[in-house]
């Protein structure tokens, strides 16, 4: 197993620790654990490219790991800190739509035609989702601006992924 895949699995395995820390430890511990978990997202791609171990399975698993850590952390913050349902929706819009889109493609289209390469728009949204989680944890005053920004970036990302999949299916 490649270093990149190990880092991706590590991110998934760190999710329960992040969730536990949200409910039972202070926010600085949560911030540290979340930072390490999100750093694995940067490092897995770096090592996959550097060591020439990029695979379709790795790209899909990386995307799933992002959805698991971001989605579960946002839901836990929603439960603990009572962030609004609208904020929860705005942060998770891209994850929900792209997740369902991938499921529909998987069920009705030859999965080998999927374009699973990470997109700049997707990495940008994931970065700002992570930043927004940090800002929520430190109770940053202007976090609603970041939530709107993540929502708008998410919509741009959805369009980007839609056209990439449309092109991949036609080929």
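The values are calculated or read from the model by the stated rules, or taken from the named source; none is laboratory data. Just so it is clear, the structure is predicted and the values come from calculations on it, not from any experiment. No Cβ is skipped: glycine too gets one built from the backbone with ideal geometry, and neighbour counts run over all protein chains shown.
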Considering only segment 94-102, I want to know if a residue exists there that is over 22 Å from residue 156 (Cβ atoms), part of a helix (DSSP H, G or I) and in contact with a helix residue (DSSP H, G or I) (Cβ under 8 Å, 6 or more places away or on another chain). no
Would you mention how many residues in segment 76-89 are buried (at least 16 other Cβ atoms within 10 Å of the Cβ) and in contact (Cβ under 8 Å) with a residue 12 or more places away in the chain? 5
Being part of a helix (DSSP H, G or I), surrounded by 13 or more Cβ atoms within 10 Å (Cβ to Cβ) and within 19 Å of the chain's Cα centre (by Cα) is the filter; apply it to segment 103-124 and report the residue that is modelled with the highest pLDDT. 124
Within segment 154-171, which residues are closer than 15 Å to residue 109 by Cα, assigned to a helix (DSSP H, G or I) and touching a helix residue (DSSP H, G or I) at 6+ places or on another chain (Cβ under 8 Å)? 162, 165, 168, 169
Scanning segment 9-28 for residues that are at pLDDT below 95 and assigned to a helix (DSSP H, G or I), the one surrounded by the most Cβ atoms within 10 Å (Cβ to Cβ) turns out to be 27
Of the conditions (1) part of a helix (DSSP H, G or I); (2) farther than 22 Å from residue 139 by Cβ; (3) at pLDDT below 95, residue 70 fails just one. Which one is it? (2)
Report yes if residue 77 is out of contact with any helix residue (DSSP H, G or I) (no Cβ under 6 Å at 6 or more places or on another chain) and part of a helix (DSSP H, G or I), otherwise no. no
In segment 36-45, what residues are within 13 Å of the chain's Cα centre (by Cα) and either surrounded by 15 or more Cβ atoms within 10 Å (Cβ to Cβ) or touching a residue at least 24 places away in the same chain (Cβ under 8 Å) (or both)? 37, 38, 40, 41
Just the residues that are surrounded by fewer than 16 Cβ atoms within 10 Å (Cβ to Cβ) and over 13 Å from the mean Cα position of the chain (by Cα), please, taken from segment 125-143. 138, 139, 140, 141, 142
Right, residue 151: within 27 Å of residue 35 (Cα to Cα), in a helix (DSSP H, G or I), modelled with pLDDT of 90 or more and out of contact with any strand residue (DSSP E or B) (no Cβ under 9 Å at 6 or more places or on another chain) or not? yes
